[in-house]
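Bear in mind these aren't lab numbers, they're just calculated from the coordinates by the rules spelled out. As the structure is a computational prediction, the values presented were derived from the model and not from experiment. When we count neighbours, we look across all protein chains shown, and the Cβ atoms used for this are built from the backbone with ideal geometry, even at glycine.
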Amino acid sequence: MTAGDEICRMDATSLARQVAAKRLSPVEVVDAVLDRLDRLDPRLHIFATVCADRARQEAKRLEAEIAAGREVGPLAGVPTGVKDLIYTKGIRTASGSNAYADFVPDEDDVVVERITAAGAIVIGKTQVPEFGYSGTGQTPLAEPTGNPWNPARTSGGSSAGSGAAVATGIGPFSLGSDGGGSVRIPASFCGVYGIKPTMGRVPLYPGTKDERYPGVSSWESLEHIGPLTRTVADAALTLSVIAGYDDRDRLSIRSDDVDWLRATDGDLSGMRVAYSPDLGYAAVDPAVRDVVDRAAAVFEDLGATVERADPGWEDPYEALLPMILAESDLAGMRRLADELGDRMSPHLVDVLRVDWTAEQLTSAVVRRKAVYNASWRFFRSYDLLLTPTLAVPPFEHGLQGPPVIDGREVDGFYWLSFTFPFNFTGQPAATVPAGFTDDGLPVGMQIVGRRMDDALVLRASAAFEAAAPWRDHWPTV
């Protein structure tokens, strides 16, 4: 293994410490990660935009700061990719769409402000499906992002490139956003850790707000920003930087109640844990169920009491797309579809062309409330809920989702049954690598906590990681 490979396999916590202690140069770190990007990206299509020169300049600036004895932030010298729906000042943010193919924002998103102030170095923008309207990495602007464990399969989305980047060592953490599972989906499919904290913990601004297409993709009350990382400790470190109130996001809440860096400490003795392999209604691939059954049993060894229990709401799948569209500028999106024609993703055009009724949209809002009410009642009896993260293993490119799951014909996005309900409720939810299918594809297990109990989700994730470590499992690609 070369020195560059060793750097690329380091976690963010270790990298930042080594850089701050002058044992590693930030220039050396950035060069190693960019070299790996150059080698792997032509095959996996992870990045939509690479800003190598800018990253090297920032690394040199940081190196000079350290040499001068100035204090640096907790992410000093750590290279990262930023999902291409998240604004980056001066760096193209295409949002996976021809409408934004040349768009360069004039401001950073709040979270980009925060990670760069903490010393992280943005190496580029990670690939997304058009406006995030997919659980895959398919986009009109490029080839689909390949899964590092099998490039013929999807990496998951919509934080598609972020998941593949972390899985391959092109930066130890990456920022994603999650409006229906879009942090947890690629983390699960790529065999890494991903967490969406409680709604409002991490502020989101500005969203997609170009004056030409105002409000095009702003799922305000559904979308969470969260990190994808190789270790739980790195997720906690990143959250310690990006969480916290900001008045630019009207849903933003304070995070003073969480000591993010210590949240991973402690055991699970006495915890009441529910395990639901199908939420009472979902179709699940048997290979996924087998892996997650074994992973959930580990919580008994960790001192928790584990019971099979379903949360009790009716299948809310029919509310998913109407809820997303109710959070979007539907009229503006339809005008955009008219402008772009066949240059827009066909599945997105199909969704926009549906003659959605007011009743469908308002019924989705009512269904969301029912899910939330069932959830808080359920969590009166349990501290945590375990489920599969996704209903299927990674599937082939060209699909929005498998048409059949365990012999049951399903709609194209039904495989997301386990993720989006917790966007409806706003609860913290993480995915941990639970194991692999017989043909070597990663499977994730979802850990859900009560609203505001982010610390327990991190603690449970770290306890599982210690019992069933995954950090040294690397794809051969």
- Note on the structure: Spelling it out for residue 48: with amide H atoms placed in the peptide plane at 1.01 Å from N, the residues 5 or more places away or on another chain with amide H under 5 Å from its amide H are 125, 126, 127
- Query: When the dipole is taken about the Cα centre of the chain, and only Lys, Arg (+1) and Asp, Glu (-1) are charged at their Cβ, what size is it in debye, to the nearest 20?
  - Reply: 680 debye
- Message: Quick check: from the Cα gyration tensor, does the stretch 54-97 come out rounded (a/c under 1.5), prolate or oblate?
- Response: prolate
- Item | Footprinting exposure proxy for 162, 177, 252, 269 (fewest neighbouring C-beta atoms within 10 Å first) | 269, 252, 177, 162
- Message: Apply the Karplus curve 6.51 cos²θ - 1.76 cosθ + 1.60, θ = phi - 60°, to the phi angles in the stretch 200-207 and return the couplings in whole Hz, x for Gly and Pro.
- Response: x, 4, 10, x, 10, 7, x, x
- Which listed residue (123, 221, 283) has the Cα farthest towards the positive end of the charge dipole for the chain, taking +1 on Lys and Arg C-beta and -1 on Asp and Glu C-beta about the Cα centre? 123
- Item | Chain lengthening between residue 262 and residue 21 when straightened (0.36 nm per residue, less Cα-Cα) | 84.6 nm
- Packing-based order for 116-127, 390-401, using average beta carbon neighbours within 10 Å, highest first: 116-127, 390-401
- Query: Going through the stretch 300-396, which trypsin sites (Lys or Arg not before Pro) have at most 16 other Cβ atoms within 10 Å and a DSSP loop state?
  - Reply: 380
- Based on the alpha carbon coordinates of the stretch 205-357, what radius of gyration and maximum Cα-Cα distance (Dmax) apply, in Å? 20.8, 58
- Task: Could you tell me which of rounded, prolate or oblate describes the stretch 48-174, using a ≥ b ≥ c as the square roots of the eigenvalues of the alpha-carbon gyration tensor, with rounded for a/c under 1.5 and, failing that, prolate when a/b is larger than b/c and oblate otherwise?
- Result: prolate
- Query: Net charge near residue 283, counting Lys/Arg +1 and Asp/Glu -1 over other residues with Cβ under 14 Å of its Cβ?
  - Reply: -4
- Residues other than residue 84 with Cβ under 10 Å of its Cβ, Lys/Arg counted +1 and Asp/Glu -1, net out at +3
- Message: More than 16 angstrom separation, counting every C-alpha pair in the stretch 82-142; what % is that?
- Response: 41 percent
- Could you name the lysines whose alpha carbon sits less than 24 Å from that of residue 22, not counting residues in the same chain fewer than 8 places away? 60
- Query: How big, in percent, is the set of alpha carbon pairs in the stretch 125-278 lying more than 29 Å apart?
  - Reply: 20 percent
- Item | Largest-first ellipsoid semi-axes for the stretch 21-94, taking √(5λ) over the Cα gyration tensor eigenvalues, angstrom | 25, 15, 10
- How big is the stretch 3-467 on each of its three principal axes, counting only the C-alpha atoms and giving the largest first in Å? 60, 58, 45
- Task: Kindly provide the trypsin sites (Lys or Arg not before Pro) of the stretch 43-89 that DSSP labels as loop, not H, G, I, E or B, and whose Cβ sees at most 11 other Cβ atoms within 10 Å.
- Result: 70
- Task: Largest first and in whole Å, give the semi-axes of the stretch 325-477's equivalent ellipsoid, each being the square root of 5 times a Cα gyration tensor eigenvalue.
- Result: 32, 24, 14
- Message: In Å and on Cα atoms, what radius of gyration and Dmax does the stretch 389-449 show?
- Response: 12.6, 34
- Query: Please state the relative contact order of the stretch 3-467 as a whole percent: Cα pairs under 8 Å, 6+ residues apart?
  - Reply: 16 percent
- Which helices pass in the chain if a helix is a full DSSP H run, must span at least 18 angstrom along its long axis by Cα, and must have mean Kyte-Doolittle hydropathy not below 0.5? 454-467
- Under the helix-only model (-39500 (n - 2.57) for each DSSP H run of 4 or more, divided by the residues of the chain), the mean residue ellipticity at 222 nm, to 500 deg cm²/dmol, is -10500 deg cm²/dmol
- Query: Residue by residue through the stretch 387-397, which ³J(HN,Hα) values in whole Hz follow from phi under the Karplus form 6.51 cos²θ - 1.76 cosθ + 1.60 (θ = phi - 60°), with glycine and proline marked x?
  - Reply: 8, x, 6, 9, 7, 9, x, x, 10, 5, 5
- With each label point set 7 Å from Cα along the Cα-Cβ vector, what nm distance links residue 334 and residue 52? 4.6 nm
